[in-house]
Every structure is written in structure tokens, then in C-alpha cells.
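The values are calculated or read from the model by the stated rules, or taken from the named source; none is laboratory data. Since this is a predicted model, take the numbers as computed values, not measurements. Cβ sites come from the backbone with ideal geometry, for glycine too, and all protein chains shown count toward neighbours. With ligands, DNA and RNA removed, areas are computed over all heavy atoms of the protein, side chains included. Shrake-Rupley method; radii C 1.70, N 1.55, O 1.52, S 1.80 Å.
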Amino acid sequence: MHDAALLLIEVGAVLLGLSLLSRLADKIGISAIPLYLIAGLAFGVGGFAPLDAGNEFFRFGSELGVILLLAMLGLEYSPTELITSLKRSRLAGILDAVLNALPGAACALILGWGPIAAVALAGITWVSSSGVIAKVLRDLRRLGNRETPTILSILVIEDLAMAFYLPVLSALVIGAGFLAGATALVVAVLVVVVILYVALRHGKIISRLFAAHHPESLLLGVLGLTMLVAGVAQQVNVSAAVGAFLVGIALSGRVAHNSQQLLSPLRDLFAAVFFVFFGLSTEPASILPVLLPAAILAVVTIATKTLTGYRAAAAAGIGIPGRWRTGFALTPRGEFSIVIAGLAAGSGIEPRLAPLATAYVLLTVVAGPLLARMTDAPWFRRLLVARGTRTATIAQGADGH
């Protein structure tokens, strides 16, 4: 009874604190993710008041948080949108992968962490945070802007790429022999392809299993299917997050729409637990030695991600202000970066990877929304006008000669 009481006290106190942090983040106009991570650092290993009884709750809650985050992400995309995005922005997706994955891989190799850590850090720096970006676009009322479809197309390609990347990383961190590792990798990729095929071709049949207008049945059914597929995916060395993402894609129409509304509160709760648990698992003192590499990596990949968005928007025929809005909007990293870091850290391939990822996500998730807001500042608009005038003058001079 004493342990149960202590568990309730610890979990209740943390959740109450998270509610205040979320409210604070909303007031100052930033994502709550960095505040959740800091809270986890404060109450985790090496923090000023480590939790005891609540650790198991946060461990399971974090796993459920990943599953719900990715399932909700999948629910936002229909199979048609996936195909359209692949056709529209495939070149931008390739440029995105090259420009943003290579700095992470190079950083790991320079630090002497080895090739598997390089693959993990490449994924951490590659993928933008769909959750943070969607919130920023809503807050700044840019969902109807001309550049928004380009931003969403790049996010869709990144999220779909993770369905193949995560199984590859899982196979690498297992540390099995070449034949066993290759077999696990082939099985994982085949499972992803099969589930994706079923989602794209037979999603409507799957959706008919659920009663869209019966909230209790729909909530239990969708949550049950998501956890079932996530568990099966993890059993065959495919990430549970990928399984959950593909379930979300498979559901469509009114079922998908109503599921989003029902699952949103659960997603918000366990996503917060997920970020807190990652902070709980990271010793604050371990961040200081990797703070400089994390800061350098953040500056470099904020620049490369901005270039990615700028070039993608230019290819779509969007004007210069919209190109900058696209580039800056894509800079935050979040959910997937932490998922990848957690997967790699759990395998023990490099103990410094999780602290670096924590510092890196903190830096980008704070800088990203600030950069996105910067494009609305009068001084930035004047700078773009002055630059445009100067470019036009130079072009006229060249024509005159």
C-alpha cells in the first residue's frame, strides 16, 4: 500500500507540473517539448530529486507515447496524400536526406563513435518534428499559405522514410552476425512493405471493422489494433513506432477523423510522459561534455534544413518570403529524433549519443519556432525587399551591358 501511495504521489505531482509547464510554453510561444525534457533531467538519474516509485509507470507510458504519437501522425495522412507527396516532392526528399543526414553521420565519425552510431545520428539530424511544425503553422495561421503543401510534402516523405529507416537501424543495433542481421533486415523491410501495401490498397476494408459513430467502440478498437500491430512489428525487429504509423495510414474517412479526436487527449498525455522519460533516463552531467558538438551540429543542420525548404519552395514556384518561411519552419527536430536516440541508447552502442540528442533537440526545438516567427518581423521583410531591389538592379545593369 505504501508503494502504491508513493506511486500515485510521484505520478500525480509530475503530471501536475507538466500541465503548468505546458501552459507556460503556450504563453511564451514555444513548444512544450524542451520543458518536458528539462523536467525529466531534473527528476531523473543525477537530478536534484530522482523519482523512485514512478519509474516503471513512466517507462511503459513512454512506450505507449511513441505508439500514439506515430499512430496519430499516420491518421493525418491518407494513402492518396502519400502518393501525391512522393510524386510532387521526391527530389526535395532526396535533397533533404542528403543535406541533413550527412552532417549527423559525419559528426559521429569525427567523434570516433563508429558506423552504427553514425547511422543513428544521421537519422536524428535528418527528420523534422511534424508535431512541433504543425503547432507552429497553426499558431502563426499559416495552414492556408501557399508554401504549406510543400512543407507537409517533405514531412510526409520523411515520415514514410522512417518506416524503412527504423527497421534498418533496429537490425544494426541488434549486433547479430552478418547472416542473422541481413535476415532480420530483409524480414523487417518485407513486413513494412506488406503492411504499407495493405494500407494503400485495402485501407477502406480495414476502416469498415470500426463503428465511426460509436466513440467507446472506436476508441477501444483503434487503440487495440494499433498496440497489436505495434507489438507484432517489434517482435519481428520492426520498430513498434513504424507499426503504429502504418496502422494510422491504413485508416481513412470518418473513422480516421473521429479516431483523431478520441485519441488526441491520450496522445498528449503519453507524449508528454515519453519526453519526460527520455529526460529521466539521461544524466544531466553527461550533457555538458557533448554540449559544444550538439550546438555546432544544431547550427549546421538548421542551415541545411533551411536550404532544403528554400530549394523545395523555389522548385514549387513560391516567392522568396515563402521560401524562407518553408526553410525556417522545417528546422525543429523532436519526436523521431528522440525515438531514434532511445533505440540506439537502449542498445548501448554509444553512451554519449542520448545526451547529445537531448541537447540537440532542445536547441532546435527552441530555435525553430523563433526562426519561423522571424519571417513576420518588419526588419526581416525590409531586408528581403532591399535584397530583391539590389538583385533587380544588378540584373538590369547586366542587361544594359
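Quick notes on this one:
- Arg142 being modelled with pLDDT under 95, in a helix (DSSP H, G or I) and over 15 Å from Thr331 (Cα atoms): no
- Here region 273-290 is the region considered, the condition is being surrounded by fewer than 23 Cβ atoms within 10 Å (Cβ to Cβ) and in contact (Cβ under 8 Å) with a residue 24 or more places away in the chain, and the residue that is nearest to the chain's Cα centre (by Cα) is Ser281.
- Among residues of region 299-342, those that are buried (at least 20 other Cβ atoms within 10 Å of the Cβ), among the hydrophobic types (A, V, I, L, M, F, W, C) and under 19 Å from the mean Cα position of the chain (by Cα), counted: 9
- Residue in region 100-123 that is under 26 Å from Pro321 (Cβ atoms) and of a type outside the set (Gly, Ala, Ser) present: yes
- Residue check, Ile296 surrounded by fewer than 24 Cβ atoms within 10 Å (Cβ to Cβ), at pLDDT below 90 and either touching a Phe, Trp or Tyr at 6+ places or on another chain (Cβ under 9 Å) or of a type in the set (A, V, I, L, M) (or both): no
- Selection within region 85-143 - in contact (Cβ under 8 Å) with a residue 12 or more places away in the chain and among the charged types (D, E, K, R): Arg88, Arg90, Asp96, Lys135, Asp139, Arg142
- For region 143-152, a residue qualifies if it is closer than 20 Å to Val365 by Cα and crowded, with 20+ Cβ neighbours inside 10 Å, and the qualifying residues are Ile151, Leu152.
- Qualifying residue in region 25-33 (condition: at pLDDT 80 or above, under 22 Å from the mean Cα position of the chain (by Cα) and over 30 Å from Thr306 (Cα atoms)): no
- Remark: Phe270 matches the filter, which requires a residue to be in contact (Cβ under 8 Å) with a residue 60 or more places away in the chain and not polar (S, T, N, Q).
- Residue within region 233-241 that is at pLDDT 75 or above, closer than 25 Å to Ser264 by Cβ and of a type outside the set (Gly, Ala, Ser) present: yes
- Test result for Leu228, under 22 Å from Glu63 (Cβ atoms) and open to solvent by 90 Å² or more (accessible area, probe 1.4 Å): yes
- Leu269 passes every criterion in (1) open to solvent by less than 10 Å² (accessible area, probe 1.4 Å); (2) over 18 Å from Val136 (Cβ atoms) apart from (1).
- Residue match in region 180-202 (condition: surrounded by fewer than 22 Cβ atoms within 10 Å (Cβ to Cβ), farther than 20 Å from Ala367 by Cα and at pLDDT 80 or above): no
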